[in-house]
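This report concerns only the one structure given below.
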Amino acid sequence: MWRGSLLCLLLAGACHASPALPENPFPHIAGSYLVKQDGVLLWAESADRRMPPASLAKLMTALLVLENGDLERSVVVSRAAAAETGSRIGLRAGERLVADDLLAAMLIASANDACHALASDLAGSEGEFVTRMNARAEALGLRNTKFANACGHDAAGQYSTAADLALIAEQDLAYPRFVELVAMQSARIAADGSRRFELKTSNALLGRYPGVSGVKTGFTPAAGKCLVALAERNGRRVLLVLLDAPDRWWSASDVLDRAFSAADAR
């Protein structure tokens, strides 16, 4: 059984035209999902359901960093940042990196140590940064989003929705540097001009699904597999959010295929 363009690419098979669209062709692919085409909602399932966001929380962290604007400043890695768990690049306490390089590590490799370093540098502590995250969510009118940490670790009182995360992603995508970073499959950064780090994307769609240019992945035991994906073809732009999607790469491929087919049929 063919499962979208990604599988077709991997198997070098032929894809056939999609049938007429039902009202919601993907009701069971995720705990919550939403897909927009050129900013217009196509389909959704439980898009306002509060769920753990995993590393998709980094989209709000990135927004605050981008809104601050000074990406060339030098950031000293705190002890708390160096002690981060989960996905990380191995930063050491006291190392200095340019904020833009830490942003790259956070968005490309989903590095929690880089995320925490940026948060504590910008606000003085991660706790104060989280206060700013929640204030920004409130300013954006996101009533179903609340953060308890900057990087997306499972925590009581940390939740968001597919609809809210789509809005945050759209805010991020207004920044050219964000667009550039989330489209990268790899990059190199350095600490103190000496110790170097190789960044590899956590997004398996980049370079495999035609037109994909980001945006962010996430996984924790409570959140499951999560994804915000952006793809563009023939002047059409599709944004997809999946929360708790067990088969996220195939599901994303299927949804994006159907969304572009819908556009072509009009």
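Tabulated results
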| item | result |
| --- | --- |
| Dipole of segment 146-266, positive direction: furthest Cα of N203, T217, A262, with charges on the beta-carbon | N203 |
| Two-site label geometry, S194 and A222: point separation in nm, points 7 Å out along Cα→Cβ | 4.0 nm |
| Per residue, in Å², the accessible surface of segment 188-266 once ligands and nucleic acids are set aside, probe 1.4 Å | 43 Å² |
| Calculated P(r) tail over 17 Å for segment 144-214, as whole % of Cα pairs | 63 percent |
| Dipole in debye (nearest 20) - the chain, about Cα centre, beta carbon charges: Lys, Arg +1; Asp, Glu -1 | 360 debye |
| Accessible area per residue in Å² at 1.4 Å probe, computed on segment 56-97 | 43 Å² |
| Label-point gap, in nm, between S261 and E138 - each point 7 angstrom along Cα→Cβ | 4.5 nm |
| FRET efficiency, 1/(1 + (r/R0)^6) with R0 22 Å, evaluated for D154 and V179 via beta carbons | 0.15 |
| Point-charge dipole on Cβ atoms (K/R +1, D/E -1) for segment 134-177, about Cα centre, debye to 20 | 80 debye |
| Residue order for K200, K36, K146 - accessible surface, 1.4 angstrom probe, largest first | K200, K146, K36 |
| Percent of Cα pairs exceeding the 22 Å cut-off, where the set is segment 130-266 | 46 percent |
| Net lengthening on full extension, N68/T131 (0.36 nm per residue, minus Cα-Cα) | 21.2 nm |
| Stretch gain in nm, segment A204-D38, where the contour uses 0.36 nm per residue and the Cα spacing is subtracted | 57.5 nm |
| Solvent exposure of segment 109-148 as accessible area per residue, Å², 1.4 Å probe | 39 Å² |
| Cα-based Rg of the chain normalised by 2.2 N^0.38 Å, two decimals | 0.99 |
| For the chain, with +1 on Lys and Arg beta carbons and -1 on Asp and Glu, the positive-most of G141, M60, A190 along the dipole | A190 |
| Carbon + sulfur, % of accessible area of segment 93-229 - ligands and nucleic acids excluded, 1.4 Å | 48 percent |
| Per-selection metrics, segment 185-266 (Cα): Rg and Dmax in Å | 15.5, 54 |
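The values are calculated or read from the model by the stated rules, or taken from the named source; none is laboratory data. Predicted model, so just to flag it, every value in this text is computed and none were measured. When we count neighbours, we look across all protein chains shown, and the Cβ atoms used for this are built from the backbone with ideal geometry, even at glycine. Accessible surface areas use protein heavy atoms only, side chains included; no ligands, DNA or RNA. Shrake-Rupley method; radii C 1.70, N 1.55, O 1.52, S 1.80 Å.
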